[in-house]
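Notes follow the structure.
Quick note: the coordinates plus some simple rules give every number you see, no bench work behind them. What you see is a predicted model; the values in this text were computed from it and never measured. Using ideal geometry, Cβ is built from the backbone for each residue, glycine included, and neighbour counts are taken over all protein chains shown.
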């Protein structure tokens, strides 16, 4: 059992991704397993296998959560945890391999086993299972999506773009495929420029925004996705122009779009902590735009201790920007008087 596995399983526990039997695949593939005939013996056997996987991950998640709690209370953690996790997951791995040996053309099992392996950092083995799933069913978008994830780590990244485009072609209504492509485009900007023949980073960001917006359109209640959309506006700049008035208008348009994006995130926020996170961003945007009173109004709504340091730092920044703006106005007025 390596450290990567512990890290991956910790992330799995922290984000509470294991919530239903079909989600063992859905968390990676973006789709749920198809409903099958409950009287089909192979379907019943596969469901039992998924339940076995689910039970193992639930137990491992509980162990990791307890170990982290012990560490937070000053303990040293369990030295045997990696071995316990390995021993708990080994029967599940054996069950997958035995099932696939008897049903080698079962695409769902290949996808699920690939996810199981990938969660443990075994990318090469996961790739083999997902490639086999793609070979068995080239029209299954989940296989293309999962393989894109592997190629985004191992290269070539252009293959990840290609595979995600294929997943979207096969199932354009799946939000996570559009989101994954938006993530890749925004991260691997140089590769995206070459693959999509884009002129500069700004065109890359706009393409990423297009994919993020489509993902949010398909999954409108996803708060983290909504914040990803809003965050992209920090990277966007107006189209180049020699007309000062046109540039000011373009800057204002981007600012208003960013405000709308953050307001939408505020609307679907799941708790006060998330809403206050939005207020921090709104304060930063307004402060950068010179709308200092609005910025302070947003900051007044930030009460959670988690944002205390950030809010104080942002308040100081707003004060400094306002003082600098006042100095510029005085200097501009003096310069105007000298010309007269």
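The Rg/Rh ratio for segment 206-340 is 1.06, where Rg is the radius of gyration of the alpha carbons and Rh is the Kirkwood radius. Relative to the longest principal axis of the Cα atoms of the chain, the long axis of helix 3-14 lies at roughly 70 degrees. Average projection, convex hull of the Cα set of segment 195-243: 4.4 square nanometres. Springs between Cα atoms under 10 Å define the GNM used for the chain, and in it the highest mean-square fluctuation of 254, 147, 184 occurs at 254.
Do you know the relative contact order of segment 249-340, to the nearest whole percent, from alpha carbon pairs under 8 angstrom that are 6+ apart?
Over segment 249-340, the number comes to 21 percent.
Residues considered: 63, 262, 144. Largest GNM mean-square fluctuation over the chain, using C-alpha springs under 10 Å, is found at 63. Between segment 37-66 and segment 252-285, what is the separation of their alpha carbon centroids in Å? Each part's Cα centre sits 39 Å from the other's.
A protection proxy built from the mean count of other Cβ atoms within 10 Å ranks the segments 79-87, 329-337, most packed first, as 79-87, 329-337.
In segment 138-219, the inverse of the mean reciprocal separation of distinct Cα atoms equals 12.4 Å; this is its Kirkwood hydrodynamic radius. The average projected area of the chain, computed from the convex hull of its Cα atoms over all directions, is 22.2 nm².
Calculated [222 nm] ellipticity per residue, helices only, for the chain: -25500 deg cm²/dmol; basis is -39500 (n - 2.57) per DSSP H run with n ≥ 4, divided by all residues, nearest 500.
Structure remark: mean-square fluctuation, Gaussian network model of the chain, C-alpha springs under 10 Å; the largest value among 300, 189, 213 belongs to 300.
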